[in-house]
Amino acid sequence: MPRTLEESQVTTKAARAKLAPGTHWRSIDPTVHLGYRVAPRGGRWVVRWYADGKYRQETVGTADDAMDGDGVTCLSFPQAVIAARKLVEAKRIEAISKAAGEPLTVRSITEAYIVEREKVERARGARLDAGNRIRKHILSDPVIADKELHCLTEADLQDWRGRLPANFARSTVVRINNDFKAALNAGIGKHARRLQALNASHIGVVVKNGLAATDAVSPVARDKIILPDADIRRLVEAADAFDLEDDWAGDLSRLILVLAATGARFSQVVRMTVADVQAAQSRLMVPVSFKGRGTKNTSLVAMPVGEEVFESLRPAVAGRRGTETLLVRPRWKQLAPTKWTKVGRGPWKTPSELARPWKEIVARAGLSADVPPYAFRHSSIVRGLRSGLPVRLVAALHDTSTAMIEKHYSAYIVSALDELAIRAVIPLRGAKVTHLTPVAAA
């Protein structure tokens, strides 16, 4: 049991000047005492607290005997009380953390996240690029990686982001930032009880604020990737021509056509099956994306498409089982430095497989080289908005949220609403009337 304390007057400079040599204590909390140690050149503040059957003691800082307290290197009594309480709390949390086993660091929870994420990505046949980004830009930075999770601050996260290479594109920084945020949030959810015991239930807020977007203006879809209908048709026609010339047997042409017709993501259309082609209902059933958290209300999105799409897809459907992957591509084997041969066909796997043919398609269509395949999606969303479709319907057809539509396409929503409003305008005066002068009056 802690012994009874005889308190000393240490709250003012005048009172401390009268104290005899030694350490003089004053209680600031149950089992926590702030001490003033007399010294020839100004006293020192110390703190002791009761733990594991004995007192532990640490130095807090210099007392404000010779100069005014600044709260950092020189402390008044009230400042010393605050600093002492913080120090004791940190030491107690450190003891709890050690007693719980291996430290819960940014590195440990991030590595655990990579294992779980790559397990899911392998099952989906997706690329393992998120883990590679995390290893390269987070785990390779010991300043952030070796930080214990309960000690993490907003400044730590902002400083880490500031250390990313200055030549990174904004989209690259956002992708790495979001990977890091997902890893931290997964660890926080998994170890919620332990963090609560460490008095660190606020870490979720720290992550949210520390990794928040820094742009003053909300990102919007770039105008150069909102293509007019004529450019969409040129891309589809260029894909048809290049498919025939480069011996794709219709596989490339069908992929481009489905991307253009649905506005879906590459990762969605490559998971479509033969049964997802529903010509009788004039629609394609597009699998929902893996983006977001939680369970989605549906696994497929019904997207109306034109007859030319079904005409193009008939060779890919005829004689095949409904469970087979709809869109496939040739597989090639290199026989010599300049000689390749087909060795069968298989599903599309990653967007990188489209990189080389897309470059040729864009060039043939006469468009800018930096127009990405994602332009089909942006253009489809804007086309729906300009046609007067409700924002909620446009979001549902494109497997996204109304919040994301409003955030990235707000200018097009306003434009579409203006067009709808103009249709409601009516003339307020009748046809121009010429008043005739009576003959008698003339």
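Where a number appears in this text, it was derived from the coordinates with a stated rule and is not lab data. As the structure is a prediction and not an experimental result, all values here were calculated from the model. Cβ sites come from the backbone with ideal geometry, for glycine too, and all protein chains shown count toward neighbours.
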| query | Computed over the Cα atoms of the chain, what is the ratio Rg over Rh, Rh following Kirkwood? | reply | 1.20
| task | Could you order peptides 319-326, 185-192, 107-114, 37-44 by the average number of other Cβ atoms within 10 Å of their residues, highest first? | result | 107-114, 185-192, 37-44, 319-326
| said: Please give the charge dipole size of the chain, origin at the Cα centre, charges +1 on K and R Cβ atoms and -1 on D and E Cβ atoms. Round to the nearest 20 debye. | reply: 820
| field | the chain: calculated mean residue ellipticity at 222 nm from DSSP helix runs of at least 4, using -39500 (n - 2.57) | value | -13500 deg cm²/dmol
| query | So what's Rg/Rh here for the stretch 106-210, counting alpha carbon atoms and using the Kirkwood radius for Rh? | reply | 0.97
| query | What spacing in nm lies between the two simple spin-label points modelled at Thr298 and Ala112, each 7 Å away from Cα in the Cβ direction? | reply | 3.7
| query | In whole angstrom, how far apart do the alpha carbon centroids of the stretch 10-29 and the stretch 33-51 sit? | reply | 9
| remark: Taking Leu139, Leu244, Leu104 and counting other beta carbon atoms within 10 angstrom, the fewest-first order is Leu244, Leu139, Leu104
| request: State the extension gain, in nm to one decimal, for the chain segment bounded by Val173 and Ile422, taking 0.36 nm per residue of separation less the distance between their alpha-carbons. | output: 85.5 nm
| Angle, helix 106-124 long axis vs. longest principal axis of the chain, Cα atoms, 0 to 90°, nearest 10? | 20
| request: Would you give the gap between the C-alpha center of the stretch 382-413 and the C-alpha center of the stretch 220-276, rounded to a whole Å? | output: 21
